[in-house]
1. Taking residue 37 as meeting all but one of (1) touching a helix residue (DSSP H, G or I) at 6+ places or on another chain (Cβ under 6 Å); (2) in a helix (DSSP H, G or I); (3) surrounded by fewer than 18 Cβ atoms within 10 Å (Cβ to Cβ), write down the number of the exception.
2. Inspect all residues belonging to region 9-18 and state whether any of them is in a helix (DSSP H, G or I), over 22 Å from residue 146 (Cβ atoms) and out of contact with any helix residue (DSSP H, G or I) (no Cβ under 6 Å at 6 or more places or on another chain).
3. Answer yes or no as to whether residue 217 is more than 16 Å from ligand 2 (Cβ to nearest atom) and buried (at least 19 other Cβ atoms within 10 Å of the Cβ).
4. So, of the residues in region 257-266 that are surrounded by fewer than 20 Cβ atoms within 10 Å (Cβ to Cβ) and free of Cβ contacts under 8 Å to residues at least 60 places away in the same chain, which turns out to be farthest from ligand 2 (Cβ to nearest atom)?
5. When you check residue 145 against the structure, is it surrounded by fewer than 24 Cβ atoms within 10 Å (Cβ to Cβ), more than 16 Å from ligand 1 (Cβ to nearest atom) and under 17 Å from the mean Cα position of the chain (by Cα), yes or no?
6. Among the residues of region 109-119, count how many are without any contact (Cβ under 8 Å) to a residue 40 or more places away in the chain and either assigned to a strand (DSSP E or B) or surrounded by 14 or more Cβ atoms within 10 Å (Cβ to Cβ) (or both).
7. Taking interchain pairs and intrachain pairs at least six residues apart, which have beta carbon atoms under 8 angstrom, with the first residue in region 123-134 and farther than 20 Å from residue 227 by Cβ and at pLDDT 95 or above and the second near ligand 2 (Cβ under 10 Å from one of its atoms) and not in a helix (DSSP H, G or I)?
8. Could you tell me whether residue 152 is touching a helix residue (DSSP H, G or I) at 6+ places or on another chain (Cβ under 7 Å), within 21 Å of residue 270 (Cα to Cα) and surrounded by 15 or more Cβ atoms within 10 Å (Cβ to Cβ)?
Ligand code: CP
Ligand code: NVA
């Protein structure tokens with residue numbers, strides 16, 4: 001029995017296998033080849049935060065593979081306050097085949113795995129977003145024909161999305177560079193963790209220098225869910241880190257732009273970039289579906 005709390009729950013080989021499976025499932029969906037690999041399986045989604053992509057891609061993935069899903073807003077479950085997380089988990093062990101969690105604290109995911117008899121999938125916590133990172137890696141692989149040796153430059157906050165992608169790049173041999181304001185980068189211990197996986201990680205302050213040899217320029221919101229009280233301060237601090245046409249002019253013309261979405265257009269990214277020829281954000285969002293299928297098949301079968 002396995003969980004997906006972060007990308008590093010997978011070995012390099014397993015991550016590559018997931019990408020191969022997702023790519024195959026994508027082709028099969030285009031060809032309308034039906035599949036029932038999750039027949040009679042039930043997956044519960046417990047979410048403490050809003051979601052479009054993670055919820056809909058998981059629910060569609062499960063239904064398209066013949067299973068059923070159940071969306072449970074955390075406040076309706078009384079997750080952690082009506083009864084303990086452990087007791088919620090001990091109960092769900094008997095009813096469903098897997099749980100997708102979206103939570104404020106990563107500890108909640110880890111806590112649940114301690115008593116779960118079913119796979120627990122992290123659908124975003126404060127420190128990790130592994131399902132997103134795997135879809136990002138699939139998008140990079142599709143566009144460039146491979147991941148190894150590519151340079152991924154994340155411009156903005158060293159947040160959950162940046163961290164999981166840094167771990168994924170480290171596993172698969174892409175260089176990962178974070179350009180962020182002082183105090184918003186990665187801690188030394190996290191950088192060491194990436195290096196131990198074989199990764200090349202760079203953290204720097206200047207976004208213009210950072211994108212000079214980029215294959216991928218990645219943007220995400222400056223204020224993540226749960227940080228709303230810091231929004232005004234962050235808007236000021238991150239202003240020089242906007243991904244706009246001026247920044248792209250300092251990058252190779254072959255560079256492509258990713259954004260996990262939702263985008264705050266006019267803040268971390270401009271319309272001209274989001275709607276321009278270098279953006280792959282909606283292809284990337286589409287890839288969430290195929291990756292969720294690959295993750296579910298891997299953990300459930
Ligand atoms: N990228 C992503 O996880 O989107 P949602 O918050 O809409 O699920
Ligand atoms: N970093 C963002 C990602 C949203 C998908 C957040 O946590 O809100």
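1. (2) is the only condition that residue 37 fails.
2. Looking for residues that are in a helix (DSSP H, G or I), over 22 Å from residue 146 (Cβ atoms) and out of contact with any helix residue (DSSP H, G or I) (no Cβ under 6 Å at 6 or more places or on another chain), one finds at least one in region 9-18, hence yes.
3. Against the criterion (more than 16 Å from ligand 2 (Cβ to nearest atom) and buried (at least 19 other Cβ atoms within 10 Å of the Cβ)), residue 217 qualifies.
4. Once the filter is applied, the top-ranked residue is 266.
5. no
6. Final tally of qualifying residues: 3.
7. What qualifies is 131/123; 131/124.
8. The answer is yes for residue 152.
The values are calculated or read from the model by the stated rules, or taken from the named source; none is laboratory data. Here the structure is a predicted model, which means the values were calculated and not measured. No Cβ is skipped: glycine too gets one built from the backbone with ideal geometry, and neighbour counts run over all protein chains shown.
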